[in-house]
Every structure is written in C-alpha cells, then in structure tokens.
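Below you'll find the structure, written out as structure tokens, and then a few comments.
The values are calculated or read from the model by the stated rules, or taken from the named source; none is laboratory data. Not measured: the values here are computed from a predicted model. Positions of Cβ are backbone-derived with ideal geometry, glycine not excepted, and every protein chain shown enters the neighbour counts. To get the accessible areas, we keep the full protein, side chains included, count just its heavy atoms, and leave off ligands, DNA and RNA. Shrake-Rupley method; radii C 1.70, N 1.55, O 1.52, S 1.80 Å.
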Amino acid sequence: MFKKKILDTINKYSMIDKKDKRILVAVSGGFDSTCLLYVLNELKEELNIEIIALHVNHCIRDNAILDEEYVINTCEKLGIKCFVERIDIKEVASNDKMSIEMAYCFANGRHS
C-alpha cells in the first residue's frame, strides 16, 4: 500500500517523466531518504529507471562517517551506484570567514 501511494504521488505530480532514465536520490542515511531509496528501487522496473544515490558528508558531526558508511553499504546491498562527496564545512567556514551555518547553506547550494 505504501509503495502504491508513492507511485500514485509520482504519477499525480509528474515527478518522473517517461523520458527520464536515471533518477538521482539524495540519501542522508536518515529514515526518510533511506525509505525513499528502497521504495524507488522497488519501483525501478515499473518506472523503467536507474537509481543513483548521492550522499554528502558535511563532516560536521563526529559520527557523520557512520552515515556515509551506512549509505554506501545500503547501496551496495541494493546494487545501486552511489556517489559520496565530503565537504568539511568547518574548514570552509574558517577559510571563508563565515559561520558554519552560512557555509553549510553555500555548500548545499553548490550541490543541490
């Protein structure tokens, strides 16, 4: 039923065009994005798409590497190509003389 609701939403809002062949999914490692990854992976045949995952490690939290590893391992398990980018936000903030929050916003703007 959950999968059908997501498929209905995709179709209702034309989120995936029939010409789309690859879908890039931003995966933080949290519940929401991981769930989306799993559901889209289950729907890939029906939607005729390839799923590609992207994880951005902002290196803010000490255990951020655990999220990165989780995303990589999940993608390997599902057979999904995964790209990981590390951006040391604290270093960006220091180098550019801005707050961590501001550096985070600029970094995400460059990668979204």
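Tabulate in residue order the Karplus-calculated ³J(HN,Hα) for region 9-23, using 6.51 cos²θ - 1.76 cosθ + 1.60 with θ = phi - 60°, rounded to whole Hz; enter x for Gly and Pro.
Values, residue by residue: 5, 4, 6, 4, 9, 6, 6, 10, 7, 4, 7, 5, 10, 10, 10 Hz.
Which value, in Å², gives the accessible area per residue of region 11-95 when a 1.4 Å probe is used on the protein heavy atoms?
Per residue, region 11-95 has 65 Å² of solvent-accessible surface.
Please list, in chain and number order, the residues 5+ apart from LEU54 or on another chain whose amide H is under 5 Å from its amide H, with Hs placed from the backbone.
VAL25, ALA26, VAL27, PHE83
Region 1-81: which trypsin sites (Lys or Arg not before Pro) are DSSP loop and have at most 15 other beta-carbon atoms within 10 angstrom?
Answer by residue number: LYS18, LYS19, LYS21, ARG61.
Could you work out how much longer the chain between SER33 and LYS18 gets when fully extended? Use 0.36 nm per residue separation minus the Cα distance between them, nm to one decimal.
Using 0.36 nm per residue and subtracting the Cα-Cα distance, I get 3.1 nm.
Below 24 Å, Cα to Cα, which lysines can LYS81 reach? Residues fewer than 8 away in the same chain don't count.
LYS3, LYS18, LYS19, LYS21, LYS44
Can you work out D for the chain in µm² s⁻¹ from Stokes-Einstein, where Rh is the Kirkwood radius over C-alpha pairs, the temperature is 37 °C and the viscosity is 0.692 mPa s?
Translational D for this selection: 213 µm²/s.
Per the Kirkwood treatment, what hydrodynamic radius in Å, one decimal, follows for region 33-99 from the mean inverse distance over all distinct Cα pairs?
13.4 Å
As a test, work out the antiparallel percent of DSSP beta bridges whose residues both lie in the chain, rounded to the nearest 5.
Beta bridges within the chain, antiparallel portion: roughly 0 percent.
Over the alpha carbons of region 4-60, what is the largest minus smallest coordinate on each principal axis, giving the biggest first in Å?
Here the Cα extents, ordered largest to smallest, are 38, 21, 19 Å.
Calculate what fraction, in whole %, of the accessible area of the chain sits on carbon and sulfur atoms when a 1.4 Å probe is rolled over the protein chains.
Here it works out to 55 percent.
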